[in-house]
Amino acid sequence: RRKSKVKDTVEKFSILKSFEAIELANIVVLIIDGTEGITEQDSTLLGIVRDSGKSIIVAINKCDKLEKTDKERIKSELLRKFNFIDYVEYHYISAKKETGIKHLIRKIDVIMKSINIDLSTPLITKMLQEVVSKHPPKIVQGRRIKLRYMHLVKTNPIRFVIHGNQTKNIPDSYKRYLCKAFRKKLKLIATPVLIEFKQNENPYV
């Protein structure tokens, strides 16, 4: 809800329960009131979901009360306000008339199958080498950053650790490239990839 309306204990408790639900979930469905538009609280919650690394579907509710022009306006607003998270799946639903609910549940099943990954370190490292060879990191201080191998740490959320040299110097733009490339390689739907970098120790120091 809008921050100005968050006044009583019940309201604040519901927000805390939302945070808890995000933490426990595999897939988060953020429901937006289509007749009210995107609130500040919606954007805040989506940011928290992004940071959690969980899969995310934004469901626009009360679509039965929206004209075609309203849907187009809301979609444009969503893409503009939620441009910081480019893997979101959007669905129009009507909880009252049960419109779009079956399609939403089918999409959740598809996402669950896509995030159920269990890959060995050699396979994941091969994927890393393919992505890096296509677009290598830039040279920093006369030396090229080297990413040597990668392994899967956990799957809820999906988190990888990449080992290499000069990993502290990897720019944010290249980190975003890796995340996007891995999502594409793994055919993930509505799901981000979280990456940690480990600096290899120099044996000559």
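The range 103-117 and the range 158-191 have Cα centres separated by 22 Å.
Using R0 = 30 Å, the C-beta based FRET efficiency linking ARG106 and ARG148 works out to 0.15. Normalised per residue, the accessible area of the range 50-108 is 61 Å², obtained with a 1.4 Å probe and no contribution from ligands, DNA or RNA. Atom-type composition of the exposed protein surface of the chain places 52 percent of the accessible area on carbon and sulfur (1.4 angstrom probe).
Using the rule -39500 (n - 2.57) for each DSSP H run of four or more residues, divided by the residues of the chain, the 222 nm mean residue ellipticity is -14000 deg cm²/dmol. Comparing THR69, PRO122, ILE111 along the charge dipole axis of the range 1-160, the residue lying farthest to the positive side is PRO122, per the Cβ-charge model.
Can you compute the charge dipole magnitude of the range 75-149 about its Cα centre, using +1 on each Lys and Arg Cβ and -1 on each Asp and Glu Cβ, nothing else charged? Give it in debye, rounded to the nearest 20. Can you show the working numbers first?
On the way: 16 positive and 7 negative charges, 62 e Å.
Computed charge dipole of the range 75-149: roughly 300 debye.
What you get for the range 149-205, charging only the Cβ of Lys and Arg (+1) and of Asp and Glu (-1), is a dipole of about 360 debye around the Cα centre. Sorted from longest to shortest, the spans of the Cα atoms of the range 97-205 along the three principal axes equal 67, 25, 20 Å. Averaged over residues, the count of other Cβ atoms within 10 Å places the peptides 57-69, 100-112 in the sequence 57-69, 100-112, highest first. Since only HIS163, VAL28, LEU45 are under comparison, the one whose Cα sits farthest along the positive direction of the charge dipole of the chain, derived from C-beta charges on Lys, Arg, Asp and Glu, is HIS163.
When the Cα positions of PHE182, ILE60, VAL193 are compared along the charge dipole of the chain, PHE182 comes out farthest toward the positive end, with charges on each C-beta of Lys, Arg, Asp and Glu. Relative to the Cα centre, the charge distribution of the chain, modelled as +1 at Lys and Arg Cβ and -1 at Asp and Glu Cβ, gives a dipole magnitude of about 620 debye.
The DSSP beta bridges internal to the chain are antiparallel in roughly 40% of cases.
Restricting to the range 19-101, compute how many DSSP beta bridges are antiparallel as a %, nearest 5.
Numbers: 1 of 12 bridges.
That works out to approximately 10 percent antiparallel.
Stretching ILE139 away from ASN200 to a fully extended chain increases their span by 20.2 nm, per 0.36 nm per residue minus the current alpha-carbon distance. Largest mean-square fluctuation among LEU79, LEU128, LEU194, in a Gaussian network model of the chain whose springs join Cα atoms under 10 Å apart, belongs to LEU79. Under the simplified labelling scheme, the LYS65-LYS97 pair shows an inter-label distance of 1.3 nm, with each label point 7 Å from Cα along Cα→Cβ.
State, as an integer percentage, the relative contact order of the range 47-182 based on alpha-carbon contacts under 8 Å between residues 6 or more apart. Don't skip to the answer; put the middle values down first.
Details: 124 pairs, mean separation 27.1, N = 136.
Over the range 47-182, the number comes to 20 percent.
The values are calculated or read from the model by the stated rules, or taken from the named source; none is laboratory data. Source: prediction; values computed, not measured. Methodologically, a virtual Cβ is constructed for each residue, glycine included, from the backbone with ideal geometry; neighbour enumeration extends over all protein chains shown. Ligands, DNA and RNA are excluded from the accessible area calculation, which covers all protein heavy atoms including side chains. Shrake-Rupley method; radii C 1.70, N 1.55, O 1.52, S 1.80 Å.
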